[in-house]
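The structure appears right after this line, and notes come after that.
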Amino acid sequence: MTNPPEPIIELRGIAKQFGGVQALRGVDFRLFPGEVHALVGENGAGKSTLVKILAGIHRPDAGVVKVGGEVIELRSPIQAQALGIAVVQQEPMLFPDLDVAENVFMGRHPRDRFGRVDWKCMYREVDQLLASLDVSLSSHTPVQGLSVAEQQLVEIAKALSLQARVLVLDEPTAALSSHEVEELFAIVKQLRERGVAILFVSHRLEEVFNIADRLTVFRDGTHIITAPVSEMNTEEIIKHMVGRELSNLFPKGDAEIGEVVLEVRQLTRPGVFADVSFQLRRGEILGLAGLVGAGRTEVARVLFGIDRAESGEIWLKGKKVRIHSPQQAMEYGIAYVPEDRHQQGLVMNFSIASNITLAILQKVSRLGLLDPRREQKIAGEYSSQLRIRSSGVEQLVNALSGGNQQKVVLSKWLATNPSVLILDEPTRGIDVGAKAEVHRIISDLATRGLAIILISSELPEVLAMADRVIVLHEGRVTGTFTRSEATQERVMFAATGQDR
Amino acid sequence: MTTASQGVKHAKQRSQAGQARLLGLVSRVRELGLLIVLLLIVLTVGVQAPRFLSIDNFEQILLSVAILAIVAVGETLVVLTRNVDLSVGSMVGITAFVTAYFFKQLPGINLLLGILLGCALGLVLGMINGLIVSFGRVPAIVATLGTLYAYRGLVFIFSSNTTSQINASDVPSSYLALATTQIFGIPTLILIAAVIAIIVGYFLHALQTGRQLYAVGSNPDAANMIGIRRDWLVFAAFAASGLLCGLAGVLWGARFGTVDSTNATGLELAVIAAVVVGGVNIFGGSGTILGVMLGAIVLGTLQNALNILNVSQFWLQALYGAAIIGAVVLDAFITRWVQRTILSRRKKA
Amino acid sequence: MKRLKSLLISWEALLVLLLLIGVVIGSVLSPYFLSSFNLAYALPSNIMEIAIMALPMTLIIIAGEIDLSVASLLGLTSVVLGLLWQRGLPMWLAIGVALLVGLVAGCLNGLLVTKLALPSLVVTIGTLALFRGLAYVVLGDQAVSNFPTAFTNLGFGTIPGTELPWSSLIFVILVVIFVMVLHFSRWGRQLYAIGNNKEAARFSGINVSRVKLVLFILSGVIAALAGVIFTSRFSSARPDNAVGFELYVVTVVLLGGVNIFGGRGSLLGVVLAIFIVGVLQNVLGLVNISGDIQNLAIGLLLILSVLGPNIARRIQVLITRRRLVAGSPKQV
């Protein structure tokens, strides 16, 4: 009987906090050489945080990290790399102006005996690497023109040339077509043969079954279970991923659902989404479910005038409209609470009041001059209505917790008096208490007659809040459910592209 | 592997190679384009004024841009890292004056010593720029705009405390000879510029540190993450720029003989024009010395053409401005076109 | 905003201190410094063009861009003015055309930056050369100098009853307008939003391109106005008018506490900085220090105005870090 192999990575009791939100709580984890290990969990479960810790980007608040059996204090990405840990982030960090070969070897160019860069050797080695991975890329290709899939392959080639012992892939398939995914998996299998340990972070369960040996489920920053993939099935995994009590969330009030306010017909943006059609009624909460990269935010951006669709129609209150800019969208009564509240939703150096009034500057000014009293009044009203906890409306928003920040963004858009409110991951990165409050607010708004589109990757949220659920998978609508029809399993199945 | 997916793979490889060729071509297009522009100018002007086409005239053009070319090489190093050095004109001016003064005051002195002095002064000034930008974290525009005027002020102080002007008769003929001697029939100025261009071009292509410069400009954060010492590289780039300006200043004094405190005022415009026209991306990360040399030659040819056609030299500065804007606009269009082509090809694939 | 305000106030307090020091040094170095002629006339008129160009420059830098072509545009409009006057056009018409040139030039800058998404630094370096070059093309190495007294009174003459130049009145009016716009109007709020987070501003329905275009046009028109004042003051239209002024304008704005990366700064600081630089220029002139050395002083001031706060911040971070490390929790 052979001895059990030593884990190449061992984590014990890892905890990490970000501004009041506990991303990881005392997590244990082990990764063995020659295995493909899937890490699954919903958004906010802590997967990305774990990856960043392994990459040396974040340092854990508590816990022990062991690499190759030795206790290590991972302090920087360079150190992680030196230890043989290669991480491919969702957005690859490459040099767009240089070619593939240089991207792989930057900083460690092969040199000839005179100390000069040995270009021939470099191109040859990279070509060999790529060929060994069965990839049809040429080492001479400038990275600028590469697709996300190809850039990932470059990152993997880099990892290989670094003799990485551990390869971490963070949601690698989010932006890939099914064909590109196939290619990626072929490479992963090869690497496994070579004894590399592969950590594969993903939402997509069909992929997990395809490629992984073992899987670990995280939920709310906690390690739930680790088991061989062969011993699990989809329903079990989903139950572990989602498992919190639905009753924790605020029960939805009964809103009167009225006439159709927004109708989308065959909306298409080639390469992004296709033939998306749905109706939205007054007082209705329409859940838009799906995995990251399914195209939901892209649909919202078109509705809000940031991007333009190539074909299809948008009808508002019975009239066909063209939405060319956010300004226009706002004139039509559409409001959009974006996914990324730091980059898109808020001006972090502004006060609560300034953020709340940013979209209604005309309303709070007379003859062009701002009326600070009116600003404060409006800000104060929303602040109390939405229970924003702060030291006053003049406080800078970067001092607030995630939940309160989100409430500020909500206030900003509510102040525009919209008829259609699009919420994109409204409770991402905020704690349970604030989540419940936000849900209460959303429910309230529906009762008052707002038509709401709720984009969310969190199943319980969608199921608890939505009157109807539309599921997108790779840009197409794969499922439509009424509130009674929608179950976690059904929605997940549609979201992962599986047939029911 | 089934035949079907093999077929797909081959198709992909072909399209890959095709795309690589397309993008590779685009970067070569700049150099080809400059050659074409050069040819056009030569033809159109040559038709009207035949003496434009003489070898003598061509030599004149190269002589007129030799010093500019040396400074442009240094500027290229800085711009590659996503910075800019606006103080080059002042650095050339001060080193020209100081070197000439040095030769005037110590006429028996070793030529080499004088040259080293000029270069050393330039190096120090460049290092100051580097310190302010790299370690003081002052944006390059602000820092070098400030040193542009600070260094110019220094020349002035120096000149008002010593002499307002140094004439050709004040300096040893061996110094002036630097600019007039010929080796194998080619003026030394041109040879020096060529040698520097070749050395730096080689460095940028064949040495790891040179390649790291490109990395720093292309994606500073990624460069940091893989352990490239970004701050030191930027500091070195500014120092090198200063050093080359020092050498250029020494040669300036030799070439023009008469030197005062206003030398090389406004040179930075011509240098930036040469760099931008030469295809170096103002955001860093790409560009070749060859392109910059061609850019300098094109500008020099334009100036010469203006001269020969008796067009007022007053058009020159406007021309530099138009060249800078034109080059940047052209680059924007090319980038857009390339991206659109790649995107449409990918949709079909 | 409160924390921001307190930060700004401390920078402005420093500026007031600097101003006072400058005044004291000035009065010590020269007996003429404190004369009413100097303080009310010589000092203000010398800094006037820089002062008024600093106003739109403040807005542009807060919005995250820069315009280095202002001095060249001043030269160009001055030359256009001179040429038209020489050719017999009535003064008011010539001034009108000059302002129009400023508008068109600003439009060029603005379109290149907004429509083609080109970096304003490179674009305005290019237009810096282009406009100055065109000025030389228009007038060559001549100068136009026989301007009517009514015109020269604008820059040269004083407001009756005071010793202040007429141009100071223009400056005051402009300051009031700009302060109203930047600090009290909704466009000012938009500017700060754009400078702090362009994307969030866009997502809030702000038309970022249009705002920036307007800013560049404004900068162009004001540069033209400065050209008119400059020409009137020196009673001379020359292509090399105001060479190097862009340094002063940028220095004044940065010294005034405006962050070069955008999103932060106030006109109060800029106005104080205008006075400081005015005093510096004036004092150096009174002790017969030449323009080139004045430039040196300003160049150093420019660098220090950014370097200083950077170093101060680093020291602050080092102190805080040392405190944190001392009290950090041990690992499990």
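Quick note: the coordinates plus some simple rules give every number you see, no bench work behind them. This structure is a prediction, so every number in the text was calculated from the model and none was measured. Methodologically, a virtual Cβ is constructed for each residue, glycine included, from the backbone with ideal geometry; neighbour enumeration extends over all protein chains shown.
Pairs from the list A:Lys317/A:Lys407; A:Lys52/A:Lys407; A:Lys47/A:Lys435; A:Lys239/A:Lys435; A:Lys377/A:Lys407 with a Cα-Cα gap above 26 Å: A:Lys317/A:Lys407; A:Lys52/A:Lys407.
Sequence neighbours fewer than 8 away in the same chain don't count; with that in mind, list the aspartates and glutamates whose C-alpha is under 17 Å from A:Lys363. Output for A:Lys363: A:Glu331, A:Asp371, A:Glu375, A:Glu381. Backbone geometry of region B:36-49 corresponds, through the Karplus equation with coefficients 6.51, -1.76 and 1.60 at θ = phi - 60°, to 3J(HN,Hα) couplings of 5, 4, 4, 4, 4, 4, 4, 5, 5, 6, x, 5, 7, 9 Hz, x marking Gly and Pro. Taking 12 Å as the straight-line reach from the Cα of A:Lys120, the aspartates and glutamates in range (excluding those fewer than 8 positions away in the same chain) are A:Glu102, A:Asp112.
When only Cα pairs below 8 angstrom with a gap of at least 6 residues are kept, chain A shows a relative contact order of 16 percent. Counted by neighbouring Cβ atoms within 10 Å, the residues C:Val16, A:Val321 run from fewest to most as C:Val16, A:Val321. With contacts taken as Cα pairs under 8 Å at a separation of at least 6 residues, chain B carries a relative contact order of 32 percent.
Can you give the direction-averaged projected area of the convex hull of the alpha-carbon atoms in region B:217-318, in nm²?
Working: hull surface 33.0 nm².
Projected over every direction and averaged, the Cα hull of region B:217-318 covers 8.3 nm².
Among the lysines of chain C, pairs at least eight places apart or on separate chains and with Cα atoms under 28 Å apart come to 7. Legend: ranking of residues C:Trp11, A:Trp119, C:Trp92 from fewest to most surrounding C-beta atoms inside 10 Å; resulting order C:Trp92, A:Trp119, C:Trp11. Dipole of chain B computed with +1 at Lys/Arg Cβ and -1 at Asp/Glu Cβ about the Cα centre; of B:Phe238, B:Gly33, B:Leu113, farthest Cα towards the positive end is B:Gly33.
Where Lys and Arg each count +1 and Asp and Glu each count -1, what net charge lies around A:Arg366 among other residues with Cβ under 12 Å from its Cβ? Before the final figure, lay out each step's value.
On the way: positive: A:Lys363, A:Arg373, A:Arg374, C:Arg186; negative: A:Asp371, A:Glu375.
Counting the neighbours of A:Arg366, the net charge comes to +2.
When the charge dipole of chain A is built from unit charges on Cβ atoms (+1 for Lys and Arg, -1 for Asp and Glu) and taken about the Cα centre, the candidate among A:Gly380, A:Leu262, A:Val100 whose Cα reaches farthest toward its positive end is A:Gly380.
Straight-line cross-link reach from A:Lys16 at under 17 Å between alpha-carbon atoms covers these aspartates and glutamates, not counting any fewer than eight positions away in the same chain: A:Asp28, A:Asp61, A:Glu73, A:Asp220, A:Asp431.
When +1 charges are put on Lys and Arg Cβ atoms and -1 charges on Asp and Glu Cβ atoms, the dipole computed for chain B relative to its Cα centre reaches about 1860 debye. Using equal-weight Cα scatterers in the Debye expression, the normalised intensity of the protein assembly as shown in log10 at q = 0.04, 0.06, 0.07 Å⁻¹ is -0.26, -0.58, -0.79.
Largest GNM mean-square fluctuation among B:Ala305, B:Ala72, B:Ala270, using chain B with Cα springs under 10 Å: B:Ala305. The charge dipole of region A:349-416, taken about the Cα centre with unit charges on the Cβ atoms of Lys, Arg (+1) and Asp, Glu (-1), comes to about 140 debye, rounded to the nearest 20. Which values of log₁₀ I(q)/I(0), to two decimal places, follow from the Debye formula for chain B at q = 0.08, 0.09, 0.12 Å⁻¹ with a uniform point scatterer at every Cα? For chain B, the Cα-only Debye profile gives -0.43, -0.54, -0.90.
Between B:Ala140, B:Ala318, B:Ala223, the Gaussian network model of chain B with springs among Cα atoms under 10 angstrom shows the greatest mean-square fluctuation at B:Ala318.
Its DSSP H runs of at least 4 residues, each contributing -39,500 (n - 2.57), put the calculated 222 nm mean residue ellipticity of the protein assembly as shown at -18500 deg cm²/dmol, to the nearest 500.
Based on Cβ point charges of +1 for Lys and Arg and -1 for Asp and Glu, what charge dipole magnitude is obtained for the protein assembly as shown about its Cα centre, in debye rounded to the nearest 20? It would help to have the intermediate numbers written out before the result.
Numbers: 98 positive and 83 negative charges, 216 e Å.
Using only the charged Cβ atoms, the result is roughly 1040 debye.
Taking the fewest neighbouring Cβ atoms within 10 Å as the starting point, the ordered list for B:Cys245, A:Cys121, B:Cys119 is A:Cys121, B:Cys119, B:Cys245.
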